[in-house]
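A.B. asks: There's a structure below that I have some questions on.
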Amino acid sequence: AFDKHQAAIARLLASWEYVNHSGFSAPPTLPAFLRGDRANWALVGKPLNFERDVEPELYDEVLEYATGDSKVPGQLSVLGPAGYGTTTILMNVSVRVVEERAGSVFFHRPGTPLVEGDVEFASSIFDDACPIFVIDNAADHLLVIHNSLYRLKALKKRALFIIGERLNEWRSTHAKLPAKEFLLSPLSDLEINNLLN
């Protein structure tokens, strides 16, 4: 694809991180993560963080779509209050998809534009594989996500959008996108034990 579309690939990778080729061998940023900063791919790939209860069910939904025969785009939403680990959950699921070779994962880079054309282009460079687009703080990009879903549906292109957002932010945008929602709860006893470990 790069040989034929160098400018489009460069623009795509400026706004999206191709998780399949991320730096899992870099030093993990554990001290900064424990102080509240975002994890890096090496930390999540080790893994040095704990799994939230919602992650296995979320991953099963991702796997079901990625290995299914749907010809229309799908969407899954991870919603919870601030500080509940939404970003880390999105990263955990992304890494698991890559490790199990279940799809090609594009993770939107914070602070960069989300362009409908980039999503359509990324979907066009895969023949049979299902591209997975992961978007954190998705309320900021609601219109582009909405337009991308309908554009891909019209083109009969399969792609899965996994979005994360604060529950109140998502509800206040009047988001009506058809999606299965995964709501984050306070830590369970199992999660507390895993966190302490």
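The values are calculated or read from the model by the stated rules, or taken from the named source; none is laboratory data. Bear in mind that the values here come from a model prediction, so they are computed numbers and not experimental data. A quick note on method: Cβ atoms are made from the backbone with ideal geometry, for glycine too, and the neighbour counts reach across all protein chains shown. Calculation scope for accessible area: heavy atoms of the full protein, side chains included, ligands and nucleic acids excluded. Shrake-Rupley method; radii C 1.70, N 1.55, O 1.52, S 1.80 Å.
A.B. asks: What number comes out for the charge environment of ASN197, summing +1 per Lys or Arg and -1 per Asp or Glu over other residues with Cβ under 12 Å away? Can you show the working numbers first?
C.D. replies: Working: positive: none; negative: GLU51, GLU191.
Result for the neighbourhood of ASN197: -2.
A.B. asks: Using a ≥ b ≥ c from the Cα gyration tensor of segment 152-197 (square roots of the eigenvalues), is it rounded, prolate or oblate, where a/c under 1.5 gives rounded and otherwise the larger of a/b and b/c decides, a/b for prolate?
C.D. replies: Numbers: a/c = 4.30, a/b = 1.94, b/c = 2.22.
Since a/c reaches 1.5 but b/c is at least a/b, the shape of segment 152-197 is classed as oblate.
A.B. asks: Continuing with this model, one more query. Specify the angular offset, from 0 to 90 degrees and rounded to the nearest 10, of the alpha carbon long axis of helix 86-99 from the longest principal axis of the alpha carbons in the chain.
C.D. replies: That works out to roughly 70 degrees.
A.B. asks: Next question, about the same structure. Length gain on complete extension for the stretch ASP189 to ARG171, per 0.36 nm per residue less the alpha carbon to alpha carbon distance?
C.D. replies: Contour length minus Cα-Cα distance gives 3.7 nm.
A.B. asks: Using the Cα centre as the reference, give the magnitude of the dipole from point charges on the C-beta atoms of the chain (Lys, Arg: +1; Asp, Glu: -1; all else neutral), rounded to the nearest 20 debye. Intermediate values should be presented prior to the final figure.
C.D. replies: Numbers: 19 positive and 25 negative charges, 116 e Å.
Charge dipole, the chain, about its Cα centre: 560 debye, nearest 20.
A.B. asks: Round to the nearest 0.05 the FRET efficiency obtained for GLU64 and ARG109 when R0 = 30 Å and r is the Cβ-Cβ distance. Numbers along the way, then the final one.
C.D. replies: Values: r = 27 Å, r/R0 = 0.91.
For R0 = 30 Å, the calculated efficiency reads 0.65.
A.B. asks: If each DSSP helix of 4+ residues adds -39,500 (n - 2.57) and the sum is divided by the residues in the chain, what number results at 222 nm, nearest 500 deg cm²/dmol?
C.D. replies: Details: 9 runs with 84 residues, N = 197.
Mean residue ellipticity at 222 nm (helix-derived): -12000 deg cm²/dmol.
A.B. asks: Is the shape of segment 18-61 best called rounded, prolate or oblate, per the rule: a/c under 1.5 gives rounded, else a/b larger than b/c gives prolate, else oblate, with a ≥ b ≥ c the square roots of the Cα gyration tensor eigenvalues? Numbers along the way, then the final one.
C.D. replies: On the way: a/c = 2.53, a/b = 1.30, b/c = 1.94.
Cα axes put segment 18-61 in the oblate bin.
A.B. asks: Work out the count of Lys pairs in the chain where the Cα-Cα distance is under 26 Å, with the pair 8 or more places apart or on different chains.
C.D. replies: Value for the chain: 15.
A.B. asks: Please report the antiparallel percentage of the DSSP beta bridges confined to the chain, to the nearest 5. Can you show the working numbers first?
C.D. replies: Values: 3 of 22 bridges.
Of the beta bridges lying entirely in the chain, close to 15 percent run antiparallel.
A.B. asks: Given axes a ≥ b ≥ c from the Cα gyration tensor, I'd like to know whether segment 36-147 is rounded (a/c under 1.5), prolate (a/b larger than b/c) or oblate. Intermediate values should be presented prior to the final figure.
C.D. replies: Working: a/c = 1.64, a/b = 1.22, b/c = 1.34.
Taking the square roots of the gyration eigenvalues as a ≥ b ≥ c, segment 36-147 is oblate.
A.B. asks: Also: Can you give the accessible area per residue of segment 12-120, in Å², using a 1.4 Å probe? Don't jump to the answer; show the numbers that get you there.
C.D. replies: Numbers: 5070 Å² over 109 residues.
Per-residue accessible area for segment 12-120 comes out at 47 Å².
A.B. asks: Can you give me the distance in nm between label points at SER25 and LYS46, each placed 7 Å from the Cα along the Cα-to-Cβ direction?
C.D. replies: With each label placed 7 Å out from Cα toward Cβ, I get 1.8 nm.
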